[in-house]
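Structure, as structure tokens:
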């Protein structure tokens, strides 16, 4: 059977005869634990003839993850030999009555050395598996390098929220007096009390800060019912989420407390202080320190420290999409501090407004090579006030952009920033912009303004942007064939850099052969955007858009996973290279990847990704341009 299976079937007769002469037949009559992940040296390269191996990873809670079955005709051991110095990547259990043909380490290595196609078969297998984020997560923690093991052992990245033993909820009724609530806090030694209504529904909460700011500062009588001062912006997380996800959620939502849910019911809560005190070495403390920065110079120093945080997170096996969120959270926090300082300097705004981010910032997909992409939308005012309002926001935008540039967010070369008077305007003006882009679409306008369809509010009155989205929703109800045709054509502008012989097409920069990883990723962003707009999905993050398209039945589970895995693999590679350029090379980050810096596994993985992108570009051609040529 072995001789008729790839890659053995392609070996010359001489090699096959050598295999027949040297292979060992091993029979397991009873089930047993054969190997323990990252601990046991494998006994050889095994070809399963009868029975079954079961391979899996143990997570930190000793749960089986990513279970694989290796039945007749399957092989085990090649990846561990090539990737992990012969130490088993997975835990492996052998089932009863299992027979295998085993090749020695020496013979397997000889075959790899003598026959490159034989070796490449297993490299290709590794490359395909590297598209699976869960596999990457576990092998980063399992590969046989002690320095990596020390890093990935941090429970912050492997333990779930349930392991924190969330504190039991302290609750009261809506009509409870503020005085009684204060007594509850004192009795239970807690800084947060939740208000519970009928059928045990949580209606809101009050904290010690609520009592200070809303009661004492405003001289509200303590016999007042607590429902009159309670906050209702509650945020929750499931017990099965990772600890780092809970802290990131806290920073993104600006909340100090998270309700913890299990099977749809609230079982307790956790505080930011508890998380930070227990994770004293966590990079997420860095975000907190950014929030406390008081000067432009201090914020500049904080931004210069981000590459080290990115590198640390990637080394610990944190998913690249989460690292994106960390970078975006830091960037947003810096922008918020700058905006607050500018408002303090120039005075309060004369009208409601919202400060929005665009492009990669708007998609929450920032890297370390970033410039400013932002805009301002302010509410419409009466004629006599329009000039005053506009004058204020132009001055405000100028100062914000100047400060961001000083910190390290360089001016946008294309001018897509609030500092440009074209992109600081009233809501009615912005509606006219989007109306023109959609109904009077040309290939040029779509290429130039597609970044404006990736918008996200970060400061001010978010309802203004929501009103713009409602307007866009109505516009998308009318026939917009030309708009979608141009959007689709835009998504086809960048072809995956594949050579005729399925290698990676490069160009020369200095003495290096490189490819542009940003341009390689762009088709996935563009493809996802056009499908999202077609189906009136106003999420901006690429991963979130893909999930929404899958949930609405416009993408299959397989299509969604292929695109997400491809995108975030490239994103992880891009972030890692940029961090190293800044930290090690002491150079400005760039989007060029040297082909010689890639391992064989990375090359094969990237080639597979480019094939995925090309296939989906074909789907766009058929769906939006009615052509396959």
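The values are calculated or read from the model by the stated rules, or taken from the named source; none is laboratory data. Everything numeric here is computed off the predicted structure, so don't read it as measured data. In this analysis, Cβ positions are derived from the backbone assuming ideal geometry, glycine residues included, and neighbour counts consider all displayed protein chains.
Points worth noting:
- For the range 491-530, a residue qualifies if it is surrounded by fewer than 17 Cβ atoms within 10 Å (Cβ to Cβ) and either in a helix (DSSP H, G or I) or free of Cβ contacts under 8 Å to residues at least 40 places away in the same chain (or both), and the qualifying residues are 499, 500, 501, 505, 507, 508, 510, 511, 519, 522.
- Qualifying position, being exposed (fewer than 15 other Cβ atoms within 10 Å of the Cβ), at pLDDT below 95, within 28 Å of residue 300 (Cβ to Cβ) and in the same structural domain as residue 359 (by TED's automatic domain parsing), among 415, 408: 415
- The one condition in (1) touching a residue at least 40 places away in the same chain (Cβ under 8 Å); (2) surrounded by 15 or more Cβ atoms within 10 Å (Cβ to Cβ) that residue 224 fails to fulfil: (2)
- Check on residue 124, part of a helix (DSSP H, G or I) and outside the structural domain of residue 573 (by TED's automatic domain parsing): yes
- Among the candidates 546, 555, the residue that is part of a loop (DSSP other than H, G, I, E, B), in contact (Cβ under 8 Å) with a residue 12 or more places away in the chain and under 20 Å from the mean Cα position of the chain (by Cα) is uniquely 555.
- Filtered by the rule that a residue be over 14 Å from residue 43 (Cα atoms) and touching a residue at least 12 places away in the same chain (Cβ under 8 Å), the range 94-115 gives 95, 96, 97, 98, 99, 111, 112, 114, 115.
- Of note, residue 93 satisfies the criterion of being at pLDDT below 95, farther than 30 Å from residue 246 by Cβ and not in a loop (DSSP other than H, G, I, E, B).
- Number of positions in the range 531-542 that are outside any loop (DSSP other than H, G, I, E, B) and crowded, with 21+ Cβ neighbours inside 10 Å: 3
- Residue within the range 447-457 that is in the same structural domain as residue 566 (by TED's automatic domain parsing), surrounded by fewer than 20 Cβ atoms within 10 Å (Cβ to Cβ) and assigned to a strand (DSSP E or B) present: no
- Residue under evaluation residue 376, criteria (1) buried (at least 16 other Cβ atoms within 10 Å of the Cβ); (2) part of a helix (DSSP H, G or I); (3) touching a strand residue (DSSP E or B) at 6+ places or on another chain (Cβ under 9 Å), criterion not met: (2)
- When the residues of the range 127-163 are filtered to those that are touching a helix residue (DSSP H, G or I) at 6+ places or on another chain (Cβ under 7 Å), assigned to a loop (DSSP other than H, G, I, E, B) and farther than 24 Å from residue 567 by Cα, the one that is modelled with the highest pLDDT is 159.
- Here residue 608 fulfils each of the conditions (1) in contact (Cβ under 8 Å) with a residue 24 or more places away in the chain; (2) not in a helix (DSSP H, G or I) apart from (2).
- Considering the range 15-68, the qualifying strands (runs of 3 or more DSSP E), each wholly inside and each with 2 or more residues that are more than 30 Å from residue 316 (Cα to Cα) and in the same structural domain as residue 118 (by TED's automatic domain parsing), run over 24-28, 45-50.
- Filtering the range 71-86 to residues that are assigned to a helix (DSSP H, G or I) and closer than 16 Å to residue 8 by Cβ leaves 78, 81.
- Contacts under 8 angstrom Cβ, first residue in the range 273-296 being within 19 Å of residue 243 (Cβ to Cβ), partner at pLDDT 75 or above and in a loop (DSSP other than H, G, I, E, B), 6 or more apart: 273/256; 286/305
- Members of the range 582-592 found to be out of contact with any strand residue (DSSP E or B) (no Cβ under 7 Å at 6 or more places or on another chain) and either touching a residue at least 12 places away in the same chain (Cβ under 8 Å) or within 16 Å of residue 408 (Cα to Cα) (or both), listed by number: 582, 583, 586, 587, 588, 589, 590
- Check on residue 340, surrounded by fewer than 20 Cβ atoms within 10 Å (Cβ to Cβ) and either in the same structural domain as residue 465 (by TED's automatic domain parsing) or assigned to a loop (DSSP other than H, G, I, E, B) (or both): yes
- Helices (runs of 4 or more DSSP H) fully within the range 267-322 counting 1 or more residues that are in contact with a strand residue (DSSP E or B) (Cβ under 8 Å, 6 or more places away or on another chain), closer than 30 Å to residue 200 by Cβ and at pLDDT 75 or above: 272-278
- When every residue of the range 549-568 is checked against the conditions, at least one turns out to be within 18 Å of residue 311 (Cα to Cα) and touching a helix residue (DSSP H, G or I) at 6+ places or on another chain (Cβ under 6 Å).
- With respect to the stated conditions, residue 299 fails to be buried (at least 22 other Cβ atoms within 10 Å of the Cβ), free of Cβ contacts under 8 Å to residues at least 40 places away in the same chain and over 19 Å from residue 454 (Cβ atoms).
- Residue 242 satisfies every condition listed in (1) surrounded by 14 or more Cβ atoms within 10 Å (Cβ to Cβ); (2) free of Cβ contacts under 8 Å to residues at least 60 places away in the same chain except (2).
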